[in-house]
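The values are calculated or read from the model by the stated rules, or taken from the named source; none is laboratory data. Computed from a predicted structure; not experimentally measured. Cβ placement follows ideal geometry from the backbone for every residue including glycine, while neighbour counts extend to all protein chains displayed.
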Amino acid sequence: MRKTQRKKVVPKRLRKILPLAIAGIGLIVLGVAAAFLLSGASSAGSPAAQPGQVVPQEVDYPAPPLALVDVNGQSVALADYAGQVVLLNNWATWCPPCRAEMPELQAYHTAHQEQGFTVIAVEAGDPASQVGQFVEEYGLTFPVWVDTGQQALTVFRNLALPNSFVIDREGQVRLAWSGAITLDVLEKYVAPLLEE
């Protein structure tokens with residue numbers, strides 16, 4: 001009597017999910033590798049950063065046009081801030097590093113707003129009511145814009161959250177970085193632009 005070998009049958013649902021899971025794991029590995037390489041590259045030629053600090057990259061290109069609405073529904077645009085030093089921060093209410101950096105951004109804004117500096121926090125995707133609750137909870141006094149269409153992420157070509165760009169008084173983007181900002185890094189890299 002001959003024994004028949006049984007074929008292993010992979011359930012249909014698992015056949016659909018397995019390639020997505022493998023791709024997701026691959027993307028995570030690539031992201032970790034890229035973050036490691038970028039953190040090494042951005043600190044090359046710059047003073048040594050403290051462990052865990054994100055160091056901005058020096059860049060030089062015109063700020064892209066951007067017009068949205070603020071948390072109160074008023075039309076706003078980057079052009080409204082010509083002549084100021086602006087730190088545009090893309091963030092989301094659900095993002096832990098974004099939440100962690102908000103007190104640092106608020107402290108720096110408060111300390112330097114009389115020098116013609118402002119933070120513009122552009123929330124990527126949540127409705128204005130939810131963003132408004134966040135602003136109240138954190139006591140934010142700088143402009144907060146609502147970007148349900150994620151236009152800022154597109155025009156600044158950076159989908160990672162949080163990400164920040166410092167625009168000088170002439171409208172040139174001078175610093176760019178991804179990751180949570182600390183007050184020490186802001187004082188070290190943004191303060192010199194306020195003196196220009």
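Within segment 56-65, which residues are touching a strand residue (DSSP E or B) at 6+ places or on another chain (Cβ under 8 Å) and either part of a loop (DSSP other than H, G, I, E, B) or aromatic (Phe, Trp, Tyr) (or both)? Walk me through how you get there before you give the answer.
Quick first cut of segment 56-65, residues touching a strand residue (DSSP E or B) at 6+ places or on another chain (Cβ under 8 Å) only: 56-63, 65.
Across segment 56-65, the qualifying residues are PRO56, TYR61, ALA63, PRO65.
To keep it simple, each residue is scored yes or no on (1) within 14 Å of PRO103 (Cα to Cα); (2) in contact with a Leu (Cβ under 8 Å, 6 or more places away or on another chain); (3) surrounded by fewer than 19 Cβ atoms within 10 Å (Cβ to Cβ).
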site	(1), (2), (3)
GLN133	no, no, yes
GLU136	yes, no, yes
ALA160	no, no, yes
SER164	no, yes, no
Of residues in segment 158-178 being out of contact with any Pro (no Cβ under 8 Å at 6 or more places or on another chain) and more than 14 Å from PRO62 (Cβ to Cβ), the one modelled with the highest pLDDT: ASN163
Only one of ALA107, ALA92, ALA82, ALA77 that is over 22 Å from PHE156 (Cα atoms) and either at pLDDT 95 or above or among the hydrophobic types (A, V, I, L, M, F, W, C) (or both): ALA107
Breaking point among (1) without any contact (Cβ under 8 Å) to a residue 60 or more places away in the chain; (2) assigned to a helix (DSSP H, G or I); (3) under 14 Å from SER178 (Cα atoms), for ARG157: (2)
